[in-house]
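Chemist: Pasting in a structure now, in structure tokens, and then I'll have a few things to ask.
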Amino acid sequence: MCLADSPKAADTPAATIHGKLILRENQTPAIEGADHKLIVLKGDGSTEHVLHDKRLAGLDVEVTGHVVAPGILEVDPFYTHAVRVIKDGKHLIVTYWCDVCSIRQFEPGPCWCCQRETKLDLRDPDAQ
Ligand SMILES: [Zn+2]
């Protein structure tokens, strides 16, 4: 078996897009880039759950994925933290924090422990 086998041909090139997250009622989340074109974001269930969080609407975000059709980006799997918020030049990971239990979640919604609504907490992955 040859370990130096040529890499499997990529279906579509990887892309990182950056712009304002646009959330409209009953519409798929999208990013508005510098050219004001909307790029619709598709993703797995957890990714879409985060992208539908109204608290993220209008924020400057960066998303990594693959362009699957003109104007449509398939976001990389949720565990890769493919959705980041850009603030003061920093790339922040989207997390949700429960003050009561000191539990961090990566999806919006009630705390899995006490069922209270978690608070959006954007984290700098480099800060400790
Ligand atoms: Zn809790």
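We did not get these values from a lab; they are worked out from the coordinates using the rules stated. What you see is a predicted model, and the numbers here were worked out from it, not measured in a lab. Backbone-built Cβ (ideal geometry, glycine too); neighbour counts: all protein chains shown.
Chemist: Taking θ as phi - 60°, what are the ³J(HN,Hα) couplings along the range 106-123 by the Karplus curve (6.51, -1.76, 1.60), each to the nearest whole Hz, with x for Gly and Pro?
Modeler: Listing the rounded values in order: 10, 10, x, x, x, 4, 5, 8, 9, 6, 6, 5, 7, 9, 4, 9, 7, 10 Hz.
Chemist: ³J(HN,Hα) across the range 68-78 via Karplus (A = 6.51, B = -1.76, C = 1.60, θ = phi - 60°), whole Hz, x for Gly/Pro?
Modeler: Computed from phi, the couplings for the range 68-78 are 9, 7, x, x, 10, 10, 8, 6, 4, x, 3 Hz.
Chemist: Let me ask another. Can you bin every Cα-Cα distance in the range 67-106 into 5 Å intervals starting at zero and give me the percent of pairs per bin, rounded to whole numbers?
Modeler: 6, 18, 16, 19, 20, 12, 4, 3, 2
Chemist: Counting other C-beta atoms within 10 Å, which of Cys98, Cys113 has the fewest, and how do the rest follow? Numbers along the way, then the final one.
Modeler: Numbers: Cys98 20, Cys113 12.
With the sparsest Cβ surroundings first, the list reads Cys113, Cys98.
Chemist: Give me, ordered by chain and number, the residues 5 or more places off Ile103 or on other chains with an amide H under 5 Å from its own placed amide H.
Modeler: Those lying under 5 Å, H to H, from Ile103 are Cys98.
Chemist: Kindly identify the range 1-116 as rounded, prolate or oblate by the Cα gyration tensor criterion: order the square roots of the eigenvalues as a ≥ b ≥ c, call it rounded if a/c is under 1.5, otherwise compare a/b with b/c, prolate if a/b is larger, else oblate. Can you show the working numbers first?
Modeler: Values: a/c = 2.09, a/b = 1.33, b/c = 1.57.
Verdict is oblate for the range 1-116.
Chemist: Moving on to the next point. Pulled fully out, how much extra length does the chain show between Ile93 and Asp121, if you take 0.36 nm times their separation in residues and subtract their Cα-Cα distance? Could you put the intermediate results ahead of the total?
Modeler: On the way: separation 28, 0.36 × 28 = 10.08 nm, distance 0.84 nm.
Length gained between Ile93 and Asp121: 9.2 nm.
Chemist: Still on this structure, I have one more. How charged is the neighbourhood of Ser102? Take every other residue with its Cβ under 13 Å from the Cβ of Ser102, and add Lys/Arg as +1 and Asp/Glu as -1.
Modeler: Details: positive: Arg104, Arg116, Lys119; negative: Asp99, Asp121.
It works out to a net charge of +1.
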